[in-house]
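Undergrad: Submitted below is the structure of interest, expressed as structure tokens.
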Amino acid sequence: MRVAIGSDHAAYEGDSPYKPAIMAHIESLGHTVVDCGTNGSASVDYPDFAQRVCDTMLGGQAEMGVLVCGTGIGMSIAANRNRGIRAAACANEIMARLAREHNDANVLCLGRRILALDECIALIDVFFSTPFSGGERHCRRVAKMG
Ligand code: RB5
């Protein structure tokens with residue numbers, strides 16, 4: 001699977017930047033990473049990088065996405081303005097699993113200021129290994145969102 005990843009500067013706060021570690025982990029799972037930036041600690045605007053990831057997915061260059069900002073919330077708000085994007089800000093493994101099973105989420109949004117790096121990695125493992133449940137009621141609800 002091709003996974004588009006984007007972040008703002010929050011993913012580069014502290015001594016161990018999250019985005020490079022997350023990219024390496026996704027590649028270690030056998031996926032191809034499409035890097036949509038940012039790539040350093042200079043302050044940027046999260047909607048710009050959410051949109052890059054969404055454009056990459058909607059343009060057919062990636063099937064799934066990961067977005068990292070301070071909380072995951074700004075990225076999810078920005079990404080969900082795009083029809084066909086279902087971005088889920090997740091703070092624990094239950095949210096990551098149900099975002100896939102019930103919502104068929106295609107973008108995982110993570111908060112650098114909320115989650116430790118190993119927690120982010122655990123959520124990525126759950127998100128990318130959990131299929132959409134399907135079934136009439138979940139398909140109907142997802143379809144209603146366009
Ligand atoms: C940037 O300081 C911060 O506001 C951003 O990363 C994000 O948390 C917004 O939702």
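Undergrad: Looking only at the range 16-73, how many residues end up being of a type in the set (A, V, I, L, M), more than 14 Å from the ligand (Cβ to nearest atom) and in contact (Cβ under 8 Å) with a residue 12 or more places away in the chain?
TA: From the range 16-73, those of a type in the set (A, V, I, L, M) are 21-24, 26, 29, 33-34, 42, 44, 50, 53, 57-58, 62, 64, 66-68, 73; that's our starting set.
With the extra rule that they be more than 14 Å from the ligand (Cβ to nearest atom), the set shrinks to 21-24, 26, 29, 33-34, 53, 57-58, 62, 64, 66.
If we keep only those that are in contact (Cβ under 8 Å) with a residue 12 or more places away in the chain too, we end up with 21-23, 26, 29, 33-34, 53, 57-58, 62, 64, 66.
Adding up the residues that qualify gives 13.
Undergrad: Quickly run through the range 63-98 and pick out the residues that are surrounded by fewer than 16 Cβ atoms within 10 Å (Cβ to Cβ) and on the phi > 0 side of the Ramachandran plot.
TA: Listed by number, the list holds a single entry, Gly84.
Undergrad: Same structure again: Going through the range 74-99 one residue at a time, which ones are farther than 18 Å from Asp125 by Cβ, within 16 Å of the ligand (Cβ to nearest atom) and of a type outside the set (Gly, Ala, Ser)? I'd like the intermediate steps shown before the answer.
TA: Step one: filter the range 74-99 for residues farther than 18 Å from Asp125 by Cβ, giving 74-87.
Filter again for within 16 Å of the ligand (Cβ to nearest atom), leaving 74-81, 87.
Once the filter is applied, which keeps residues that are farther than 18 Å from Asp125 by Cβ, within 16 Å of the ligand (Cβ to nearest atom) and of a type outside the set (Gly, Ala, Ser), the range 74-99 yields Met75, Ile77, Asn80, Arg81.
Undergrad: Now a separate question. Does the range 120-146 hold any residues that are more than 16 Å from the ligand (Cβ to nearest atom) and under 27 Å from Ser16 (Cβ atoms), and which are they?
TA: From the range 120-146, those more than 16 Å from the ligand (Cβ to nearest atom) are 121-146; that's our starting set.
Across the range 120-146, the qualifying residues are Ile121, Ala122, Leu123, Ile124, Asp125, Val126, Phe127, Phe128, Ser129, Thr130.
Since every read-out is calculated from the coordinates, none of them should be taken as a lab result. Note that the structure is a prediction, hence the values are computed from the model and not measured. Here the Cβ is made from the backbone with ideal geometry for all residues, glycine too, and neighbour counts use every protein chain on show.
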